[in-house]
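The values are calculated or read from the model by the stated rules, or taken from the named source; none is laboratory data. Predicted, not measured: the structure shown is a model, and the values here were computed from it. Cβ placement follows ideal geometry from the backbone for every residue including glycine, while neighbour counts extend to all protein chains displayed. We work out accessible area using only protein heavy atoms, side chains counted, and drop any ligands, DNA or RNA first. Shrake-Rupley method; radii C 1.70, N 1.55, O 1.52, S 1.80 Å.
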Amino acid sequence: MGNAAWVCFDCRAAVRRSIAFAGEVPCSACGRPCAYLGYKIPVPPKSKLREWAALREQLAHGRMQQQLDAEAFAVRHRHDLEQEIVRLETLPANEGRARRIRSLRKRLDEANTQ
């Protein structure tokens, strides 16, 4: 497995760990948790303040986009479950269909509580 970079924006320091590493990576200089950068994004030199600011902005934008995508996926998933329930309810009743509707409603309740 390869190594990835974690960075501390306060110290402008980078720490490299295995991709398989789980948990928070402390900064080698200040001990605060580092932000995961990955292995493809280059770490700017400490003296390049603008590049560090741009990197911080890029990571913040990426996290925000990831949250928006996850929310859109959750909404789509709930909508698909609701549509399938409505479709099954319009069909003639039988035991298998009733069981499937109960299963879908349970999944919809679980999706709504998340």
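Among the residues making up the stretch 20-70, those that are part of a loop (DSSP other than H, G, I, E, B) and open to solvent by 90 Å² or more (accessible area, probe 1.4 Å) are Glu24, Ser28, Arg32, Tyr39, Lys40, Pro42, Lys46, Ser47, Lys48. Whenever a residue of the stretch 85-98 is more than 18 Å from Asp109 (Cβ to Cβ), its partners that are open to solvent by less than 40 Å² (accessible area, probe 1.4 Å) and in a helix (DSSP H, G or I), lying with C-beta atoms within less than 9 angstrom and at least six residues away or across chains, give the pairs Arg97/Leu88. Is it fair to say Ala74 is within 21 Å of Leu108 (Cα to Cα) and touching a residue at least 40 places away in the same chain (Cβ under 8 Å)? Yes, satisfied. For the stretch 1-16, taking the residues that are farther than 14 Å from Ala29 by Cβ and in a loop (DSSP other than H, G, I, E, B), the one that is modelled with the lowest pLDDT is identified as Met1.
Flag not set for Val15, criterion: touching a helix residue (DSSP H, G or I) at 6+ places or on another chain (Cβ under 8 Å) and either free of Cβ contacts under 8 Å to residues at least 60 places away in the same chain or more than 30 Å from Asn112 (Cα to Cα) (or both).
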